[in-house]
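Below: one structure, written as structure tokens.
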């Protein structure tokens, strides 16, 4: 089944590092959004990232490996994860393409990157960070 035919979607993967990430929009309002995430992330991002909203994730298929600070955690299908907008992590999918159902609150900020080993440090806005990374590649 080609979900792109049935749902609005956005390609948000970081192609320079081989990531393929599609966000399918299931429901969207001022107060809540429901997305289906299809993620293939074979390599770690150089830094952790935070989010524009708080969210709840339900891992549906394969799960992923999540880096929080300096530790890695296996996140299994069926896991339910609750995260604030400022929660910083990094994710890879060594078990194959991962599928997750995501419920978000309203957008409260811009998302960006920060060092994984310093999760309370200042976030660099995503567009500035990505531009700087492209210059280094």
Original post:
residue 36 is checked against (1) assigned to a strand (DSSP E or B); (2) modelled with pLDDT under 95; (3) under 30 Å from residue 2 (Cβ atoms) and fails just one. What number does that condition carry?
Top reply: (2)
**OP:** Report the residue count in segment 55-94 for those that are surrounded by 15 or more Cβ atoms within 10 Å (Cβ to Cβ), part of a loop (DSSP other than H, G, I, E, B) and over 12 Å from the mean Cα position of the chain (by Cα).
**Re:** 5
**OP:** Collect the residues in segment 12-36 that are touching a residue at least 12 places away in the same chain (Cβ under 8 Å), under 30 Å from residue 117 (Cβ atoms), surrounded by fewer than 18 Cβ atoms within 10 Å (Cβ to Cβ) and touching a strand residue (DSSP E or B) at 6+ places or on another chain (Cβ under 7 Å), keeping them in residue-number order.
**Re:** 13, 20
**OP:** Return a yes/no flag: does segment 124-133 have any residue that is assigned to a strand (DSSP E or B), out of contact with any strand residue (DSSP E or B) (no Cβ under 6 Å at 6 or more places or on another chain) and within 30 Å of residue 2 (Cα to Cα).
**Re:** no
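The values are calculated or read from the model by the stated rules, or taken from the named source; none is laboratory data. Small disclaimer: the values here were computed from a predicted structure and weren't measured. A quick note on method: Cβ atoms are made from the backbone with ideal geometry, for glycine too, and the neighbour counts reach across all protein chains shown.
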